[in-house]
Amino acid sequence: MRLIASRIEVLLDHANDLLEKLDLPPWQEYKEAASAAFHDVRVATVSSCKFGHLTFRPVFILLGIILHCLAVVLQIILENSIYHGWRALKEFYFQMQMATIWFIRYQKSLSPSAIYAEVAVLAAVTTLWLLRRHVKKHRYYERTMAWYQVRKQKVLKRYNHFVDQVGKTSTFLALLLPHLLYFTFAAIIKRLLPWLVTYLATKTPLNACIQYFHPLYCTFLIIGKSTQHLRTYKVVEADGNDKKTVSKTTPSNVKRQQKQKAELEEIRKEVVDILKYWVVYAIIIATVRTGKLLPFVGHMFTVVGDNVTKGKRRQGMLSKLRFSSKFVEEISLVFFTWLRFMPSSVTGQEKSSLKGKGNSPIEIIYKKFSSFVKSAMSSSASLTNKAAGSHLGSGSMLSWCVGKLDFPLSILVLGRAISQETKQKVITTVTELSDLIPAAITLFVPGCSSYGVIYVSLVAPAFLSIKSCDEINKKSSNFDTMESKVNDASRFLRFWMIHALVTWVLDSFAPILAWVPFSTHVIWLLWAFLQLETTTRRIYGWFESEVEKPLDQTQTMQSVKRVIAALPSSVDSQKDPSRNEGQVEKSKKED
């Protein structure tokens, strides 16, 4: 026990030594420090709360105002919604009650046959709905379309095989086969459903849309596409010139150039196709108008009504050759549908044995018409040169005129009367109008100016469009050259758009112009003026700006408003009656 007590004393001594070394503060000092710390924490907390309250008090006030306004608005909406909703429900109940009473009375007033008809209609609608569900459930439509595609492929395969067999015997018959099928189908439709063809041709605008408005719409789209492509190309080329350090053979530039070439090739094809159509259309119209002016066969091209010759018993041989308007409209519908929409192949695939030969209607007729127009224009030009060769010597008429104009224009340039640009414009104008020299002779021949108008308005533009198509069809590896050719060809697309507008205006005022002296000569000069490149681009640019502007800001609407404002108004006379009475008394005194 003594040993244990001695050990405990030793431990206590060591514990006292450890406490002395730790230097623990006395309890009173620790209590005072803890009290001071608590006081400081309390003061800091109060100060922080006061600072936060002063800082966020405006925000809380603003949120309170907003919530108060929102609560007021919601209360008003809720009150009005409940009020109006209750009124709407009462009105709906009243209307339903009235409708139910009316329906019951109406059903009671019906005859048994009408009631049976209603039941039959309801049964038919219900049956159709159930049939639709049944068809949709068992996928009859998809199965029918799959069967149709299989049968279509088999028929097309047989047709291609038949075309191959015919092509081995005669390529001409193989090319002619799709067109024979089309006209055979048109004849069958006319035989089985004559009223349908007559209605579509005479009672609907389908004929005008196919041969006139749809090509105009396509022309407008192609012009916009080519213009946008040209602007993009110029912007990219300018950026490329600014960044001369960038190599043109980088992958991005090569890809961009390939994309531009593909777009340009697509635009070129579209431009050529629509230009060919306008050439064919112009030659057809020129032929019809020329035929109407001829003395002996003109009556064959004059369309008459269906009931014009019913009252006449005796008719000559020539009068029987006149066509009715209904017949002409039907033939026109069939022909222009074939011309515009008939593909080169019924199956949509070009046969290998027929490659290299255009089989579309536009290509077939364009080849015939283009050769005819070229020969006619060349023959007229040669006749003009021969007529002028007696006193001009060797050389063409155009070279002689340009040579004669060059010297006085150069004198005017040296005298600063005109600029060099004006001189070039004059020479360019003379060069562009050189194709109209044969038509200018008709202005001095009595009764022949109408032929000159046809030549200037249709034949000469068709010839220039043919030359543009020939230039575009020439293959060129240079991108800039092809871009320039497409831009030149777009000029003739713009001309045909302007041609449509001017033709519509002239046809509208034709009865009035027929009484105006020398109106044909003025029309001739108008068409000659419209054929100039600067005139065509300027007028179409104005037309394009008018289309892009809002209706109130267009020059056309502003001109109409000026004309309306200049007209006398009855409102002004009502506003100032004393002035009108004074004018009346003054006129009486003068009398």
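Go through the range 23-35 and count every residue that is open to solvent by less than 100 Å² (accessible area, probe 1.4 Å) and either modelled with pLDDT of 80 or more or not in a loop (DSSP other than H, G, I, E, B) (or both).
Going through the range 23-35 one residue at a time, the tally reaches 3.
Looking at the range 75-116, which of its residues are surrounded by 10 or more Cβ atoms within 10 Å (Cβ to Cβ) and not in a helix (DSSP H, G or I)?
Of everything in the range 75-116, just one residue is surrounded by 10 or more Cβ atoms within 10 Å (Cβ to Cβ) and not in a helix (DSSP H, G or I), namely Leu110.
Cβ-Cβ under 7 Å, sequence separation 6+ or interchain: first residue in the range 485-502 and in contact (Cβ under 8 Å) with a residue 24 or more places away in the chain, partner basic (Lys, Arg) and surrounded by fewer than 23 Cβ atoms within 10 Å (Cβ to Cβ). Which pairs?
Hits for this filter: Val486/Arg268; Arg491/Arg537; Arg494/Arg537.
Given the conditions (1) open to solvent by 30 Å² or more (accessible area, probe 1.4 Å); (2) modelled with pLDDT of 80 or more, which single one is not true for Pro461?
(1)
Determine which single condition Tyr217 fails, assuming it passes every other condition in (1) open to solvent by 60 Å² or more (accessible area, probe 1.4 Å); (2) in contact (Cβ under 8 Å) with a residue 40 or more places away in the chain; (3) within 26 Å of Asp273 (Cβ to Cβ).
The number of the failed condition is (2).
Kindly indicate whether Leu206 is touching a Leu at 6+ places or on another chain (Cβ under 7 Å), open to solvent by 40 Å² or more (accessible area, probe 1.4 Å) and among the hydrophobic types (A, V, I, L, M, F, W, C).
Taking the combined requirement at face value, the residue satisfies it.
Residue check: is Asn487 in contact with a helix residue (DSSP H, G or I) (Cβ under 7 Å, 6 or more places away or on another chain) and surrounded by fewer than 16 Cβ atoms within 10 Å (Cβ to Cβ)?
Taking the combined requirement at face value, the residue satisfies it.
Select from the range 509-553 the residues that are in a loop (DSSP other than H, G, I, E, B) and surrounded by 10 or more Cβ atoms within 10 Å (Cβ to Cβ) and list them in ascending order.
Matches in the range 509-553: Phe509, Val516, Phe518, Gln531, Leu532, Lys549.
Is one or more of the residues making up the range 207-223 of a type outside the set (Asp, Glu), farther than 25 Å from Phe495 by Cβ and either assigned to a helix (DSSP H, G or I) or modelled with pLDDT of 90 or more (or both)?
Within the range 207-223, not a single residue is of a type outside the set (Asp, Glu), farther than 25 Å from Phe495 by Cβ and either assigned to a helix (DSSP H, G or I) or modelled with pLDDT of 90 or more (or both).
Scan the range 426-451 and report the pairs whose first residue is without any contact (Cβ under 8 Å) to a residue 24 or more places away in the chain and whose second residue is surrounded by fewer than 16 Cβ atoms within 10 Å (Cβ to Cβ) and aliphatic (A, V, I, L, M), with Cβ atoms within less than 7 Å and a gap of 6+ or a chain change.
Val426/Leu405
With in a helix (DSSP H, G or I) and at pLDDT below 80 as the only criterion, which of Ser399, Ser344, Ser371 stands out?
Matching residue, one of Ser399, Ser344, Ser371: Ser399.
Considering only the range 249-273, how many residues are farther than 21 Å from Ser468 by Cβ and free of Cβ contacts under 8 Å to residues at least 40 places away in the same chain?
11
Need the failing condition index for Thr503 against (1) over 23 Å from the mean Cα position of the chain (by Cα); (2) part of a helix (DSSP H, G or I), just the number.
(1)
With the requirement that a residue be free of Cβ contacts under 8 Å to residues at least 40 places away in the same chain and either of a type outside the set (Asp, Glu) or surrounded by 22 or more Cβ atoms within 10 Å (Cβ to Cβ) (or both), what does the range 465-484 give you?
Those that are free of Cβ contacts under 8 Å to residues at least 40 places away in the same chain and either of a type outside the set (Asp, Glu) or surrounded by 22 or more Cβ atoms within 10 Å (Cβ to Cβ) (or both): Lys467, Lys474, Lys475, Ser476, Ser477, Asn478, Thr481, Ser484.
From the list Val125, Val72, which residue is of a type in the set (Val, Ile, Thr), surrounded by 10 or more Cβ atoms within 10 Å (Cβ to Cβ) and modelled with pLDDT under 90?
Result of the check over Val125, Val72: Val72.
What are the residues in the range 170-199 that are modelled with pLDDT under 80 and among the polar types (S, T, N, Q), if any?
Listed by number, the residues that qualify are Ser170, Thr171.
The values are calculated or read from the model by the stated rules, or taken from the named source; none is laboratory data. Note that the coordinates shown come from a computational prediction; the quantities given were computed from them, not determined experimentally. With ideal geometry, Cβ positions are generated from the backbone for all residues, glycine too; neighbour counts draw on all protein chains shown. SASA here: full protein model, heavy atoms, side chains in, ligands and nucleic acids out. Shrake-Rupley method; radii C 1.70, N 1.55, O 1.52, S 1.80 Å.
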